[in-house]
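The values are calculated or read from the model by the stated rules, or taken from the named source; none is laboratory data. Keep in mind it's a predicted model, so treat the numbers as computed, not measured. Using ideal geometry, Cβ is built from the backbone for each residue, glycine included, and neighbour counts are taken over all protein chains shown.
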């Protein structure tokens, strides 16, 4: 574990966006992590609301996950991106290597540990609970908590897509059609 701590990334940037807060939580995770090293494959899953059914993640939960993928990789821990296809899909609208269709994904990956977490909405922001869990043992081998101020969370803007379908307002201007 000392080898991971010595690889701590330089955090000289002063911008306090979502990545800043995830970076702080990652430092806490690495500070109390056991059993994980630079040869231990890990995945990062979407963060979910604590009071939900754990089956849906909003934009915030998915972006926290994406930020943790970056941070875990920076610490030299191998990150497996299980949403990566075994091929490149070429379409008229672009070339893609990611999928959210579980039938297209490889289910036989050497996953040993997962970064996962929950969120609780508070008046002034979100309390985030992150942990690293052994897939087989279900043991929590690291944990961290962080707080995301409301202004940071509110700076996220949805692309307006849901399941690949553009969302449109019902108040469209008739002259624009």
### Task
Out of the residues in segment 98-115 that are within 30 Å of residue 24 (Cα to Cα) and either surrounded by 10 or more Cβ atoms within 10 Å (Cβ to Cβ) or modelled with pLDDT of 90 or more (or both), state the one that is nearest to the chain's Cα centre (by Cα).
115
#### Entry: All positions within segment 116-135 that are in a loop (DSSP other than H, G, I, E, B) and either out of contact with any helix residue (DSSP H, G or I) (no Cβ under 9 Å at 6 or more places or on another chain) or surrounded by 16 or more Cβ atoms within 10 Å (Cβ to Cβ) (or both)
135
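I'm checking my understanding of the structure. Among residues of segment 1-27 that are over 16 Å from the mean Cα position of the chain (by Cα) and closer than 20 Å to residue 153 by Cβ, which one is modelled with the highest pLDDT? I'd like the intermediate steps shown before the answer.
As a first pass, look at segment 1-27 and keep what is over 16 Å from the mean Cα position of the chain (by Cα): 1-16.
Subset that is closer than 20 Å to residue 153 by Cβ: 13-16.
On the way: 13: 51, 14: 59, 15: 62, 16: 88.
Top of the filtered list is 16.
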### Summary
Going through segment 142-152 in order, the residues found to be modelled with pLDDT of 95 or more and either buried (at least 18 other Cβ atoms within 10 Å of the Cβ) or not in a strand (DSSP E or B) (or both) are 142, 144, 146, 148
### Task
Among what's in segment 80-92 and is assigned to a strand (DSSP E or B) and over 15 Å from the mean Cα position of the chain (by Cα), pick the residue that is farthest from residue 35 (Cα to Cα).
91
### Message
Suppose we keep only residues that are closer than 15 Å to residue 100 by Cα and in a loop (DSSP other than H, G, I, E, B) within segment 46-74. Which one would you say is farthest from the chain's Cα centre (by Cα)?
### Response
55
### Task
Give just the number: which of (1) at pLDDT 90 or above; (2) in contact with a strand residue (DSSP E or B) (Cβ under 7 Å, 6 or more places away or on another chain); (3) not in a loop (DSSP other than H, G, I, E, B) does residue 77 not satisfy?
(3)
